[in-house]
Amino acid sequence: MSATVNMGIPGAASTVVDRVAGKRVLLAEPRGYCAGVDRAVETVERALEKHGAPVYVRHEIVHNRYVVETLAKAGAVFVEKTDEVPEGALVVFSAHGVAPTVHVEAAERNLRTIDATCPLVTKVHNEAKRFARDDYDILLVGHEGHEEVVGTAGEAPDHVQVVDNPDAVDKVTVRDPNKVIWLSQTTLSVDETMETVRRLREKFPTLQDPPSDDICYATQNRQVAVKAMAPECDLVIVVGSTNSSNSVRLVEVALGAGAAASHLVDYAEDIDPTWLDGVTTVGVTSGASVPEVLVRGVLDRLAEYGFGTVQPVTTANETLVFALPREIRAARH
Ligand code: SF4
């Protein structure tokens, strides 16, 4: 790899990107697995190790085809609904979280459960519960129907309204405009969310902010890294699945920040060689649910097309690790 581009990590001097002659790849840092995904995937692996197959998993444990297919080969059985799990079996709840009604359904079927909900999603659940207890109208900025949003809204269905995008603000009505708070899905575009909140605040000037950022550190860090490299890029390739909210957002952020083109790919083979026509600089990043092996595959493929020079663009260092769920903790290696 050639020169690293540091974008402001404390203790390191910022440098301007040196244009190198010929084709190159800018590789976003951080990218890929976040602490919540790492924990969720390891939870299923350890559950399989400890209890043997099958281990049922409600919804895709994380939104990535490769991860789901790999765990399925190892004995995980992915189901959409709790009643698809046989009575008394073991079920893991995905990183996106579930509504309280799902825990009730699981208890009714005598299921043994392991909750792999990301602690940063649980934090938003707790905020929803707390503000519902205080009888606030809660405006949950997020994508209607996304599993995480369904789970968070399910904590306080009588108090939560989902606001899907800035234009949806026009339809929002509340009981008391002086008792309104906004919360959000963890994997949204920071910029679009702030636009939605700006419009909500125009309508409800005393709108309260969440006690702390709901859009998680991993989503924010990956968007910052893409913004830093996108203006240099003729093309940004985001490794991730189409149902991965944070991965799809990275494509939008890349385009918004000046990349001439951007595409989402699950695998290296999804790269269409015509995308590379006339291209000098390709940016590469990956969503928070994407294992690094898939990024390596993309870099190898790009190298075959002459993009062998790879320059990291580093905007943050991530060190966060979450403890495994209690039921499986002893099994962590
Ligand atoms: S993207 Fe954020 S909220 Fe989602 S699993 Fe990762 S750390 Fe948790």
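Scan the range 241-265 for residues that are open to solvent by 20 Å² or more (accessible area, probe 1.4 Å) and not polar (S, T, N, Q) and jot them down.
Within the range 241-265, the first condition is being open to solvent by 20 Å² or more (accessible area, probe 1.4 Å), and the residues that meet it are 242-243, 248-249, 251-252, 255-258, 260-261, 263-264.
Those that are open to solvent by 20 Å² or more (accessible area, probe 1.4 Å) and not polar (S, T, N, Q): Val248, Arg249, Val251, Glu252, Leu255, Gly256, Ala257, Gly258, Ala260, Ala261, His263, Leu264.
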message: Let me spell it out: the conditions are (1) within 18 Å of the chain's Cα centre (by Cα); (2) not assigned by the TED database to the domain that holds Val162, and Thr280 meets all of them except one. Which number is the exception?
response: (1)
query: In the range 261-295, what residues are of a type in the set (Gly, Ala, Ser), out of contact with any Cys (no Cβ under 6 Å at 6 or more places or on another chain) and away from the ligand (no atom under 16 Å from the Cβ)?
result: Ala261, Ser262, Ala268, Gly278
- prompt: Looking only at the range 57-86, which residues are within 16 Å of the ligand (Cβ to nearest atom) and part of a loop (DSSP other than H, G, I, E, B)?
  reply: His59, Glu60, Ile61, Val62, His63, Asn64
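I'd like to know if the range 15-30 contains one or more residues that are modelled with pLDDT of 95 or more and under 15 Å from the mean Cα position of the chain (by Cα). If you could, list the steps in order and put the result at the bottom.
Step one: of the range 15-30, the residues modelled with pLDDT of 95 or more are 23-30.
Restricting the remaining residues to those that are under 15 Å from the mean Cα position of the chain (by Cα) gives 30.
Among the residues of the range 15-30, at least one is modelled with pLDDT of 95 or more and under 15 Å from the mean Cα position of the chain (by Cα), which makes the answer yes.
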field: Residues located in the range 230-268, provided they are farther than 20 Å from Val67 by Cα and of a type in the set (A, V, I, L, M)
entry: Ala230, Leu235, Val236, Val251, Val253, Ala254, Leu255, Ala257, Ala259, Ala260, Ala261
task: Among the residues of the range 284-316, write down those that are part of a strand (DSSP E or B) and open to solvent by 10 Å² or more (accessible area, probe 1.4 Å).
output: Val310, Pro312, Thr314
field: Condition broken by Arg329, with the remaining ones in (1) closer than 23 Å to Val121 by Cβ; (2) in contact with a helix residue (DSSP H, G or I) (Cβ under 7 Å, 6 or more places away or on another chain); (3) open to solvent by 70 Å² or more (accessible area, probe 1.4 Å); (4) not acidic (Asp, Glu) satisfied
entry: (2)
query: Restricting the first residue to the range 80-100 and requiring it to be of a type in the set (D, E, K, R), which pairs with a second residue that is in a loop (DSSP other than H, G, I, E, B) and within 16 Å of the ligand (Cβ to nearest atom) meet a Cβ separation below 7 Å and a spacing of at least six or different chains?
result: Glu80/His59
- prompt: Filter the range 47-56 for residues that are in a helix (DSSP H, G or I) and open to solvent by less than 30 Å² (accessible area, probe 1.4 Å); which is nearest to the ligand (Cβ to nearest atom)?
  reply: Ala47
query: Tally time: how many residues in the range 87-126 are on the phi < 0 side of the Ramachandran plot, out of contact with any strand residue (DSSP E or B) (no Cβ under 8 Å at 6 or more places or on another chain) and more than 16 Å from the ligand (Cβ to nearest atom)?
result: 9
statement: Of the residues in the range 132-148, those that are part of a loop (DSSP other than H, G, I, E, B), open to solvent by less than 50 Å² (accessible area, probe 1.4 Å) and over 15 Å from Trp182 (Cα atoms) number 1
query: Does at least one position in the range 274-283 carry a residue that is within 21 Å of Tyr33 (Cβ to Cβ) and open to solvent by 20 Å² or more (accessible area, probe 1.4 Å)?
result: no
- request: Scan the range 177-189 and give yes if some residue there is out of contact with any helix residue (DSSP H, G or I) (no Cβ under 9 Å at 6 or more places or on another chain), open to solvent by less than 50 Å² (accessible area, probe 1.4 Å) and free of Cβ contacts under 8 Å to residues at least 60 places away in the same chain, otherwise no.
  value: no
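The values are calculated or read from the model by the stated rules, or taken from the named source; none is laboratory data. This structure is a prediction, so every number in the text was calculated from the model and none was measured. Positions of Cβ are generated from backbone atoms using ideal geometry, with glycine treated the same way; all protein chains shown enter the neighbour counts. Quick note on the areas: whole protein, heavy atoms, side chains included, nothing else; ligands and nucleic acids left out. Shrake-Rupley method; radii C 1.70, N 1.55, O 1.52, S 1.80 Å.
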